[in-house]
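The values are calculated or read from the model by the stated rules, or taken from the named source; none is laboratory data. Worth saying up front: this structure is predicted, and the values here are computed from it rather than measured. Methodologically, a virtual Cβ is constructed for each residue, glycine included, from the backbone with ideal geometry; neighbour enumeration extends over all protein chains shown. Quick note on the areas: whole protein, heavy atoms, side chains included, nothing else; ligands and nucleic acids left out. Shrake-Rupley method; radii C 1.70, N 1.55, O 1.52, S 1.80 Å.
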Amino acid sequence: MSVEAGSYFPPDFKVFAFKEGDLLVSMRGEGKFAVNKILKVDRHQMRAGESILIQGKLFTATEDDYLLIVSAAYGATQFSSMEEASAAAQSGSWRVEIDHVPNRASGAAQGQTLVGNAGVKEAELEGYKRWRQEFLAGRAGVF
């Protein structure tokens, strides 16, 4: 049975403009750019009284609700321009620095520009699978 939308989580935790396989470019602090890839978008349903760890803090839902958990691979800060990063995304010549980060939808979307899509390969989901197992056991959270 599906959990209906409640009001425990803010609205920006429940929408995400991108989809699995989307290649995104973000600007990093040094004025350089990186390519990132959306691996999974999970709708995590919670019942009143269930808890979730978000950014190191435990939240216990006061009502039935859901949030989206966006899993992404983050690339190295290796490009001097948006155009260079976009070309690397299209050609597959970017380097993954972190193979999996689980994030709230609002955090995962921040500062990202869509530049393409490439299907998610099974091998790219190894980090996601490890995290998901720990998350479902209550031993891991999201950013």
### Query
Does at least one position in region 116-124 carry a residue that is of a type in the set (D, E, K, R), in contact (Cβ under 8 Å) with a residue 12 or more places away in the chain and in contact with a strand residue (DSSP E or B) (Cβ under 7 Å, 6 or more places away or on another chain)?
yes
### Message
Considering only residues that are among the hydroxyl-bearing types (S, T, Y) and in a strand (DSSP E or B), which ones fall in region 99-137?
### Response
T113
### Task
Among the residues of region 1-27, write down those that are open to solvent by less than 80 Å² (accessible area, probe 1.4 Å), without any contact (Cβ under 8 Å) to a residue 60 or more places away in the chain and out of contact with any strand residue (DSSP E or B) (no Cβ under 6 Å at 6 or more places or on another chain).
S2
## Note on the structure
For region 64-89 the number of residues that are surrounded by fewer than 21 Cβ atoms within 10 Å (Cβ to Cβ) and closer than 20 Å to A123 by Cα is 2
### Residues (farther than 12 Å from V101 by Cβ and surrounded by 17 or more Cβ atoms within 10 Å (Cβ to Cβ)) located in region 123-141
E124, L125, R132, F135
### Message
Out of A61, A48, A34, I need the residue that is of a type outside the set (D, E, K, R) and open to solvent by 40 Å² or more (accessible area, probe 1.4 Å). Which one?
### Response
A48
### Task
Could you identify the single residue in G49, G31 that is free of Cβ contacts under 8 Å to residues at least 24 places away in the same chain and under 30 Å from A88 (Cβ atoms)?
G31
